[in-house]
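Encoded as structure tokens, the structure appears first; notes follow it.
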Amino acid sequence: MATYGESGEKTDRMEVDAVHSSDHSENEKVQVEHCNGVAVISDETLESFAHLDEKKILRKMDRHLIPMLALLYLLAFLDRGNIGNAKIEGLTDDIGVLPDQYNWCLTVFFFTYAAFEVPSNLLLKKLRPSIWLPTIMVAWGVVMTLMGIVQNYGGLLAARLFLGVAEAGLFPGVAYYLTMWYCRHEIQFRQAMFFSAASVAGAFSGLLAFAIAKMDGVGGLAGWRWIFILEGIVTVVVAVIAFFVLEDFPETSRFLNEEEKAFVVFRLKYQAQAGKIGSKQVQVAEADEFAWKYVWAAFKDWQIWVNIFVYWGIVCPLYGISLFLPTIVKGLGYTSSHAQLMTVPIYITAAILAVIAAYISDKAGKRSPFIIGFLCMMLVGFTMCISSSNPKVVYGGIFIATCAIYPAFPGVITWLCNNLAGSYKRSAGMALQIGVGNLGGAMASNFYRAKDGPRFILGHALELGFICVGIIASVILILGYSRINKDRDARESRGERDQYTAEELSAQGDKALTWRYML
């Protein structure tokens, strides 16, 4: 039947048979309402959904969301990093780009990439993911295709500049998008499955570049040009498909039934209760409305800026590896084709480890022990690289470092998003972390200079320095979070929670007395 709420919006109500758990002797009715197209449960509590299979719903979400998101990021990372493959196939020689100019082409990408991430994340929710993400994907696919016809340094520089603008919204957008579907204790596994596409892209990039380079001379174009052209065309084709395949939000999902939609929305809304959903306490819902104060709160939050240093400790080695791995391996004395293929096992192993580590991290409910552990593992890898000229030792060091970088990266993204409350604050905070953090990519683009090869001691030393900074920043976050959690525990035990209404606590987000930071 149709009813109308106090605000005048139309509400459709339907009764759903709910077979509850074994302690309920008979069927109960759960009221599912549609308010402006959003499925909600009237008088909802956790017990209202006791009959639903949460794991089955999560598996359904995984099947419908993760594959397409992983494909989008695979193409983004492929298009961003294939310049390294094109370089060893003759890019710089053919268009007369000097070593320092090549480094600048890598660097400028990150300037526009960082600048457009926060605006893009704020637009994502307004314009809908199924429209915004494919649109920017078409844009970078076109830019990538045009990179295949550049004739000089200026053309390559301009193309990389615009590639940064177009790609800026994808990674922070998808990382935030996942938080609109999954709760904080289960999201790193999904972030890792999505991000592991980057390591698969690294492996696929080497294989694809090896194959496409064989087209050298076809149509009068060099092999490296075909790398850009074909990969750009594939990106545009997948973007068109994504317009029809991508889902927007749980409440508008096409693959969940009405009760499942209401359940997913409910668990996200009250996840800040940290295990207290369903208790007799007043439930504190997460603030979901847009207000500029939430955006400014992100810019003023100490934890975001400290986390950026952890991010730099991971992202500088990440981009150093992704942009220069083929060059480093080739510098060890291998041919171009052999160098492309030798990068494949590194990336495949890293992808598998990223998913395994994320699964264990979600089960443990901890982030920092894994992040610090992988940072230490990266120290070992780069120390091997800097201390030996033996090609096998250097390759082994790169292998170890890469297998630590790719599991650590989704960890640091998840750690921050777990500790930001309020939908729009999380949106702005994650974009700020990734945007400013990716300036580390601009720095890493200049770590491995051609004149420092084949040992690249300066590049490896700088990576080691940033890793140490990341470890120190991680310890600062742990100490800060622990102190705040203990203080809030003490204040709650004194009854201070009763001084606030649920609305006030909701507006305070992660600064609320009821919020606990995840370590």
Subject >> Conditions (1) crowded, with 22+ Cβ neighbours inside 10 Å; (2) of a type in the set (Gly, Ala, Ser); (3) closer than 20 Å to VAL236 by Cα: number failed by SER130 >> reply: (1)
Subject >> Candidates ARG426, ARG497, filtered to the one that is charged (D, E, K, R), buried (at least 22 other Cβ atoms within 10 Å of the Cβ) and part of a helix (DSSP H, G or I) >> reply: ARG426
Original post:
Does LEU325 count as within 21 Å of SER388 (Cα to Cα) and either touching a strand residue (DSSP E or B) at 6+ places or on another chain (Cβ under 8 Å) or modelled with pLDDT under 75 (or both)?
Top reply: yes
Original post:
Looking at the range 457-468, which of the residues that are open to solvent by less than 60 Å² (accessible area, probe 1.4 Å) and aliphatic (A, V, I, L, M) is farthest from LEU379 (Cα to Cα)?
Top reply: ALA461
Subject >> Breaking point among (1) outside any helix (DSSP H, G or I); (2) open to solvent by 40 Å² or more (accessible area, probe 1.4 Å), for PHE447 >> reply: (2)
Subject >> Residues of the range 259-275 that turn out to be surrounded by fewer than 18 Cβ atoms within 10 Å (Cβ to Cβ) and modelled with pLDDT of 90 or more, as a count >> reply: 0
**OP:** Return a yes/no flag: does the range 177-197 have any residue that is of a type in the set (A, V, I, L, M, F, W, C), open to solvent by 10 Å² or more (accessible area, probe 1.4 Å) and over 17 Å from the mean Cα position of the chain (by Cα).
**Re:** no
Original post:
Among the listed residues LEU127, LEU98, LEU157, which satisfies the condition of being touching a Cys at 6+ places or on another chain (Cβ under 7 Å) and without any contact (Cβ under 8 Å) to a residue 60 or more places away in the chain?
Top reply: LEU157
Original post:
Taking the range 214-254 only, how many residues are exposed (fewer than 14 other Cβ atoms within 10 Å of the Cβ) and of a type in the set (Lys, Arg)?
Top reply: 2
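The values are calculated or read from the model by the stated rules, or taken from the named source; none is laboratory data. As the structure is a computational prediction, the values presented were derived from the model and not from experiment. Counting neighbours? That spans all protein chains shown, and the Cβs are built from the backbone with ideal geometry, glycine included. The area values use the complete protein model at the heavy-atom level, side chains included, leaving out ligands, DNA and RNA. Shrake-Rupley method; radii C 1.70, N 1.55, O 1.52, S 1.80 Å.
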